[in-house]
Amino acid sequence: MKLLMVYADLFGYKTTKKGWENAPDIDEEKEINDALVAFIHLEKEDEERLSQVETKMIKQIKWAARKNETDKIVLHSFAHLSESKANPELIKELFDNAEQRLVNAGYEVYQTPFGYFLDLHFKAPGHSLARIFKDIS
């Protein structure tokens, strides 16, 4: 798994085009202030150990959220951090499980519409922990 976390003063998106045929029809536009945005790429080799990868990912996200003093987290599927790609159904399952676990831990969690290309805009401050990359194995 590849995980790029960006703290954003402002993060916004708008659905543009469906990229996964099984995605529900969604027309959505949203802005979120003061959030940690997790750009998540689940790789094919992660499928066999989904539970372990999920736990490590959640620990990293919670750590980065604390460091950036936010309780808002955005989970965003970003299939551009590796050539290897997991099954979309497993990716969606990972996102739903992670959201529930983070909500149970007291975080306000958002998921960008899964299976869509999105127009993105964000404003991110320039400090050392505002951008963190992790290769979770």
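Remark: segment 2-135 is approximated by an ellipsoid whose semi-axes, taken from the C-alpha gyration tensor as √(5λ), come to 21, 19, 14 Å, largest first. Between the alpha-carbon centres of segment 1-77 and segment 108-132 there is a gap of 7 Å. Checking the cross-link pairs 30/92; 18/134; 72/92 against a 23 Å limit on the alpha carbon distance flags 18/134 as lying beyond it.
Please report the antiparallel percentage of the DSSP beta bridges confined to the chain, to the nearest 5.
Working: 25 of 34 bridges.
Given both bridge residues lie in the chain, the antiparallel proportion sits at roughly 75 percent.
Adding -39500 (n - 2.57) for every DSSP H run of four residues or longer, then dividing by how many residues the chain holds, sets the calculated 222 nm ellipticity at -8500 deg cm²/dmol.
Read the figures in this text as sums done on the coordinates, not as results from a lab. Because the structure is predicted, anything quoted here is derived from the model rather than measured.
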